[in-house]
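Derivation of every value follows stated rules applied to the coordinates shown; laboratory data play no part. As the structure is a computational prediction, the values presented were derived from the model and not from experiment. FYI the Cβ positions are ideal-geometry reconstructions off the backbone, even for glycines, and counts take in every protein chain you see.
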């Protein structure tokens, strides 16, 4: 099975920092796993933080779509350039993923 991967995109628009992130995972429920003859696996916990500040904390079930995409908005003044944004997740099989990215130039679309 492929390792879980993640992506984060950050951009600024009208003083609001828009954050999009995706975690690649097959998100198989027990029923789907039996049908496809694979091991059941899905993301059980997700945390997105900057420093000690938690921006997003979520506990999904196996019924979330494959490779879920999340979008959140934060006031731009609360986060600064060069802050380290960390995304951590855990799967049902015990895999602990980690992805981090520094907030760089905020691109205005």
**Item:** Quotient of Cα Rg and 2.2 N^0.38 Å for region 5-102, N being how many residues it contains
**Value:** 1.20
**Asked** Stretched out fully, how many nm does the piece from residue 65 to residue 82 gain, at 0.36 nm a residue minus the Cα gap?
**Response** 2.9 nm
**Request:** Please report, in cubic angstrom per residue, the volume enclosed by the convex hull of the alpha-carbon atoms of region 45-99.
**Result:** 94
**Extension gain from residue 95 to residue 29, taking 0.36 nm per residue of separation minus the Cα-Cα distance** = 22.1 nm
**Request:** Return the calculated 222 nm mean residue ellipticity for the chain, to the nearest 500 deg cm²/dmol, obtained by summing -39500 (n - 2.57) across DSSP H runs with n ≥ 4 and dividing by the residue count.
**Result:** -1500 deg cm²/dmol
**Item:** Least to most buried among 83, 41 (fewest other Cβ within 10 Å first)
**Value:** 83, 41
**Asked** Would you list 59, 44 from fewest to most Cβ contacts within 10 Å?
**Response** 59, 44
